[in-house]
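Heads up: the structure comes next, in structure tokens.
The values are calculated or read from the model by the stated rules, or taken from the named source; none is laboratory data. Since we're looking at a predicted model, the values are computed, not measured. All Cβ positions, glycine included, derive from the backbone under ideal geometry; neighbour counts span all protein chains shown. The area values use the complete protein model at the heavy-atom level, side chains included, leaving out ligands, DNA and RNA. Shrake-Rupley method; radii C 1.70, N 1.55, O 1.52, S 1.80 Å.
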Amino acid sequence: MRTGISRFHGTVMGPMSPVVHKGLAKLPDSDIEALAVYFADINDAAGRGSEVQPAIQRALVVDRGGRGQQYDPAVRLYTAACASCHYNGGNGPHPLRPDLAIVSAVSLSDPTNLIQVIFYGVGAQEGAPGVVMPGFIHGFSDADVARIAAYLRATHTNLAPWPDLEKKVAAIRAQGRGQE
Ligand code: HEC
């Protein structure tokens, strides 16, 4: 709520971005605290504290992309386009290099958020101030985007593949940027 980024969660983007950067960021600490207490209470955060570390460990173990698969075209594409920024070393997830095994875009039941991020990136004003992820809409074909999304789903989660990915990518490209 304060900065729009967090070690263990996705970055604030799209229409939610100004809510944080132009609104919540300017509130006094006491208001942010009150909101945090409220949200923690409605989702029983105190009762679920012990689940946090095991969940992070599981996500990082699932993050097994890239090992021993260097001839796979999806691995090559991911390594060339994404891995230079999305890696994490010994100190665990870093908020400015979101670990893709943890961000929800890869584990949602619908791939739209992930496809949007790959197409349009994250602007300097959206997530962490001054930090940018480039968009790939001009560089990648629909097949490239579908291939990376399918690869991340397979290597960074234990969830079932998304169906009809390439069609979905084409539909999102055709739809353009929408309201943002
Ligand atoms: C130049 C560095 C860079 C490259 C290259 C890059 N990213 Fe990112 N990415 C970032 C940064 C930085 C953020 C977080 C932005 C922020 O916090 O403002 C991000 C955010 C994301 C998120 C959103 C996480 C969330 O908050 O939900 C996803 C998903 C993602 N990237 C996937 C990819 C994929 C897939 C590729 C390759 C096609 C890629 N990125 C290439 C730097 C990069």
Using unit Cβ charges (K, R positive; D, E negative) and no other charged atoms, how large, in debye to the nearest 20, is the dipole of the chain about its Cα centre?
420
Round to the nearest 10 and give me the degree value, 0 to 90, for the angle of helix 142-156's Cα axis relative to the longest principal axis of the chain.
60
Figure the gain on full extension for ALA46 and ALA174 (residue separation times 0.36 nm, minus the Cα-Cα span) and round it to one decimal in nm.
41.7 nm
The farthest towards the positive end of the charge dipole of the chain, of the residues PHE8, SER30, ALA174, given +1 on Cβ of Lys and Arg and -1 on Cβ of Asp and Glu, is ALA174
What do you get for Rg/Rh over the range 16-175 if you use C-alpha atoms and the Kirkwood form of Rh?
1.00
Keeping every protein chain present and rolling a 1.4 Å probe, give me the accessible area per residue for the chain in Å².
60
In terms of the alpha carbon gyration tensor, root eigenvalues a ≥ b ≥ c, rounded if a/c is under 1.5 and otherwise prolate when a/b exceeds b/c or oblate, the range 15-60 is oblate
Less than 17 Å from a label point 7 Å out along the Cα-to-Cβ axis of LYS22: which backbone N atoms in the range 95-125 qualify, by residue?
123-125
Tell me, what HN-Hα J-couplings in whole Hz come from the Karplus equation 6.51 cos²θ - 1.76 cosθ + 1.60 at θ = phi - 60° for each residue of the range 164-170, using x for Gly and Pro?
6, 4, 5, 4, 4, 4, 4
LYS168: which aspartates and glutamates have alpha carbons under 12 Å from its alpha carbon, excluding same-chain residues fewer than 8 sequence positions away?
ASP110, ASP142
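Probe radius 1.4 Å, ligands and nucleic acids left out: which of LEU27, LEU77 has the largest accessible area, and how do the rest follow?
So, going from the largest accessible area down, we get LEU27, LEU77.
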What spacing in nm lies between the two simple spin-label points modelled at VAL132 and SER6, each 7 Å away from Cα in the Cβ direction?
2.8
Linear extension gain, ALA150 paired with CYS85, 0.36 nm per residue minus alpha-carbon span
21.5 nm
